[in-house]
Amino acid sequence: MTKRNILLPILIFFLSLNGLRAGEGMWLPQLLQALNEGDMQTMGMKLTAEQIYSVNQGSLKDAIVHFGGFCTAEVISKEGLILTNHHCGFSAIQEHTTLEDNYLRDGFWATDKKDEKMNPDLFAKFIVRIDDVTDMILKGVKSKMTKEERQSVIDKNIQAAQKAANKESYQDVEIKPFFKGNQYFQFISVSYPDVRLVGAPPSSIGKFGADTDNWEWPRHTGDFSLFRIYSDANGLPAQPNAKNIPLKPKHSLPISLDGVEEGDFSMVFGFPGRTNEYLSASAVEQIMTVTDPARIAIRDKSLKIIDGYMRADEAIKIKYASKFASTANGWKKWIGEVQGLEKTNALGKKRAYEAEFNKRLKTSKKKFPKEYKTLISELDNVYAEMAPYALAANYQSEVTSRNVELLRVAGLMKRLTDAFDNNGAAGFNGFKGRLTGYLEGFYKDYSPMVDQDVFAALMEMYVTNLDAKYVSETVRKATMPHDNDYSKWAASMYKSTKFTDKAAVEKIFSMKPEAAVAAIKEDPAYQLIIDMQSHYNSVVAPTYDKLQTRVEDLMRVYMQAQMDVYTDKKFFPDANSTMRVTYGKIEGYEPRDAVIYKNKTYLDGMVAKYVPGDYEFDLPKKLLELEANKDYGVYSETVNGEQKVPVCFLGSNHTTGGNSGSPAIDASGNLIGLNFDRVWEGTMSDINYDRRICRNIMVDARYILFIIDKYAGAGSLIEEMELVHPKKGK
Ligand code: ARG
Ligand code: ASP
């Protein structure tokens, strides 16, 4: 072979690892300088890493907010105004919604600060500083230690490090593992608990296309809402209080009016929740063939039932809107995920990667730890053994804690009686206090009629689809007195349980602890959950937990091994709800043979989808008028000589759940859009990112401004913002 011939395969391998995957990665902001700055600037970024993340001066990171711990938001005015998704603010909007003041349906706009609405459950968290504390946390950890020994050393070190952390009294410290526990980082943060609702478009805009369009392109959803952070008079965090003042932020993002074009640099900054990019092939196979299909099938059933009721009854629609959306969101994503994993041959690629890993171990001159050699085969074995337990575990959690609401409440009642059994009246009263608040919200959005049907359908699946040994005898025989009919069992259960009725539960709660506990223990739903849980805890959990622990141990070593062996690859840690930066370009893609998706949608395309009165595709009259009169303000762009209002656009930024509400930022640090979703073909990006078809979906900033200004007439909010023309040099 000539030198060229030898180099070529190596080059191709490098390209497949790095070049092709350039859009991949969720990078830690404090490491951008070392790892990504050059790459980002080559792609067109005009900022330095220091302008994105700095400890000493205001930087982009100071405008990025962890919103309630589940979404991202960003500061867009000097008065603490923040922007996030409609679906992130959804529960808050729903909380303030009644049949009379229907903010979900009609939208809500506070053009005067005194009309903004408080949300005691929300908080806005800023990251002050991120430090590598690996050496401190792993001090005293030896490779021979058992998992428990290792964890106990680490826990002690974390406690000590947290105590020693250099921070102000109003700041928080959190230390989290990265790269499967091979590295640790410390986050100093500050959380503001007074976050008020400022604005939300009607759901027909904020949720346009609802579940049919969810996870799909072309998209026309105006998925945004506005909140405001309040602080005490000194700018420090304070509990919700009318005396608080709007936060004066360290940084707020200017908003670009210049729009985006194919190839423009883009960056998404936020708090991605969870990814699994380094799994073994056997783990991916289990997701594709066992766990995803089980979860999909269960939710398929329950969603169909709820959907039927929601379409027929406006009150049920309001009650179930939020729950339905979140259950449907996971369900649809997993369907796309399995398809995407198949289509991109994720399994084949993982196997090839593992074969190459094993080959490098054999042929390398470097000496690697002996245990590396058996990693892949051990992972294969553990996953094979785990499969039936994983199936049972997914059924258990989907049925008892997610989809059947009665069983969820019964589970909470069980915790209440446990509190009594363990800590007497004090324990009981303590937990009862917490439960009362939760149940208040629960019953507001609960329909026993809907839930009863879900119960019947899901209990039947549970008994039919699980191996008999994972289902208790009581449950297997439960329908016998009811003509073997699950609906009849459900009817009898829902007739006799007290837990479906708020007043009945309040009555129990008003009794003395002993009497209340006795009444709860008599309830048939209580007895059912006890039976299901104890069977699970004796037959499934012990083995399942043991195998999962084994996987965690193996993955910690495998993660380090991958970094030791693939020295030509740049690694980023899996998402874990910590602050990350991802970057790519504005670009369309080819979803399938001969089909090309452009990168942007427009308002006329939204109107083309309009179905009057429809539950997903209705549109407000005012918006239709604005479109008919071409009353666009400064928020349109010229397309083939015509004015059009852009709605959504696509980019190759690697995002996941939790990135919703994240700002899309241009080459100079201005807001160009609001991240809210990914495309159908690319929903497997949490497991197998593929640059060719993985795209994130953003609402165009100009559409957001158009809705606030022209649709809602909330010009005072626009006045707070800084609108810029970076492409025109202004
Ligand atoms: N798929 C997006 C995400 O995972 C949007 C979800 C909200 N929309 C919905 N129709 N459920 O959060
Ligand atoms: N829609 C997701 C979110 O809520 C984002 C995604 O999964 O792409 O965070």
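The values are calculated or read from the model by the stated rules, or taken from the named source; none is laboratory data. Since we're looking at a predicted model, the values are computed, not measured. Don't worry about glycine lacking a Cβ; one is built from the backbone with ideal geometry, like all the others, and counts go over all protein chains shown.
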In the stretch 189-238, what residues are of a type outside the set (Val, Ile, Thr), within 16 Å of ligand 1 (Cβ to nearest atom) and outside any loop (DSSP other than H, G, I, E, B)?
-> 200, 203, 204, 206, 210, 211, 213, 225
Checking residue 193 against (1) in contact with a helix residue (DSSP H, G or I) (Cβ under 7 Å, 6 or more places away or on another chain); (2) away from ligand 2 (no atom under 15 Å from the Cβ), the condition it does not meet = (1)
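For (1) modelled with pLDDT under 95; (2) under 25 Å from residue 604 (Cα atoms), each residue gets a yes or a no:
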position	(1), (2)
625	no, yes
628	no, yes
636	no, yes
648	no, yes
665	no, no
670	no, no
674	no, yes
682	no, no
691	yes, no
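Yes or no, residue by residue, for (1) surrounded by 20 or more Cβ atoms within 10 Å (Cβ to Cβ); (2) more than 15 Å from ligand 2 (Cβ to nearest atom):
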{"residue": "613", "(1), (2)": "no, yes"}
{"residue": "618", "(1), (2)": "no, yes"}
{"residue": "672", "(1), (2)": "yes, yes"}
{"residue": "682", "(1), (2)": "yes, no"}
{"residue": "691", "(1), (2)": "no, yes"}
Quick one: how many residues across the stretch 71-91 are of a type in the set (A, V, I, L, M), more than 15 Å from ligand 2 (Cβ to nearest atom) and either out of contact with any His (no Cβ under 8 Å at 6 or more places or on another chain) or under 8 Å from residue 225 (Cα atoms) (or both)?
-> 3
Mind checking whether some residue in the stretch 30-41 is within 16 Å of ligand 1 (Cβ to nearest atom), modelled with pLDDT of 95 or more and either part of a loop (DSSP other than H, G, I, E, B) or of a type in the set (Lys, Arg) (or both)?
-> no
Scanning the stretch 243-274 for residues that are in a strand (DSSP E or B) and not aliphatic (A, V, I, L, M), which turns out farthest from ligand 2 (Cβ to nearest atom)?
-> 246
For residue 614, work out the one condition from (1) within 16 Å of ligand 1 (Cβ to nearest atom); (2) under 27 Å from the mean Cα position of the chain (by Cα) it doesn't fulfil.
-> (2)
Run down 357, 368 and say which single residue is more than 16 Å from ligand 2 (Cβ to nearest atom) and assigned to a loop (DSSP other than H, G, I, E, B).
-> 368
Consider only pairs whose beta carbons are under 6 Å apart and that are at least six residues apart or on different chains; among these, list those whose first residue lies in the stretch 212-225 and is under 10 Å from residue 697 (Cβ atoms) and within 12 Å of ligand 2 (Cβ to nearest atom) and whose second residue is part of a loop (DSSP other than H, G, I, E, B) and among the polar types (S, T, N, Q).
-> 223/85
Say whether the condition of being out of contact with any strand residue (DSSP E or B) (no Cβ under 7 Å at 6 or more places or on another chain), of a type in the set (A, V, I, L, M, F, W, C) and within 28 Å of residue 71 (Cβ to Cβ) is met by at least one residue in the stretch 103-111.
-> yes
Do you know which residues across the stretch 296-312 are of a type in the set (Lys, Arg) and either without any contact (Cβ under 8 Å) to a residue 24 or more places away in the chain or surrounded by 21 or more Cβ atoms within 10 Å (Cβ to Cβ) (or both)?
-> 299, 304
Inspect the stretch 622-640 for any residue being surrounded by 20 or more Cβ atoms within 10 Å (Cβ to Cβ) and within 16 Å of ligand 2 (Cβ to nearest atom) and give the result as yes or no.
-> no
Output the residue which, of all residues in the stretch 496-511 that are free of Cβ contacts under 8 Å to residues at least 40 places away in the same chain and more than 20 Å from residue 455 (Cα to Cα), is surrounded by the most Cβ atoms within 10 Å (Cβ to Cβ).
-> 508
Considering only residues that are part of a helix (DSSP H, G or I) and in contact with a Lys or Arg (Cβ under 8 Å, 6 or more places away or on another chain), look in the stretch 707-726 and name the one that is surrounded by the most Cβ atoms within 10 Å (Cβ to Cβ).
-> 711
So which residues in the stretch 175-188 are of a type outside the set (A, V, I, L, M, F, W, C), more than 20 Å from the chain's Cα centre (by Cα) and in a strand (DSSP E or B)?
-> 183, 184, 186
Do we have residue 416 as at pLDDT 95 or above, over 28 Å from the mean Cα position of the chain (by Cα) and buried (at least 21 other Cβ atoms within 10 Å of the Cβ) here?
-> yes
Is one or more of the residues making up the stretch 99-107 in a strand (DSSP E or B), touching a helix residue (DSSP H, G or I) at 6+ places or on another chain (Cβ under 8 Å) and buried (at least 22 other Cβ atoms within 10 Å of the Cβ)?
-> no
Those residues of the stretch 225-250 that are more than 19 Å from residue 127 (Cα to Cα) and aliphatic (A, V, I, L, M) come to a total of 4
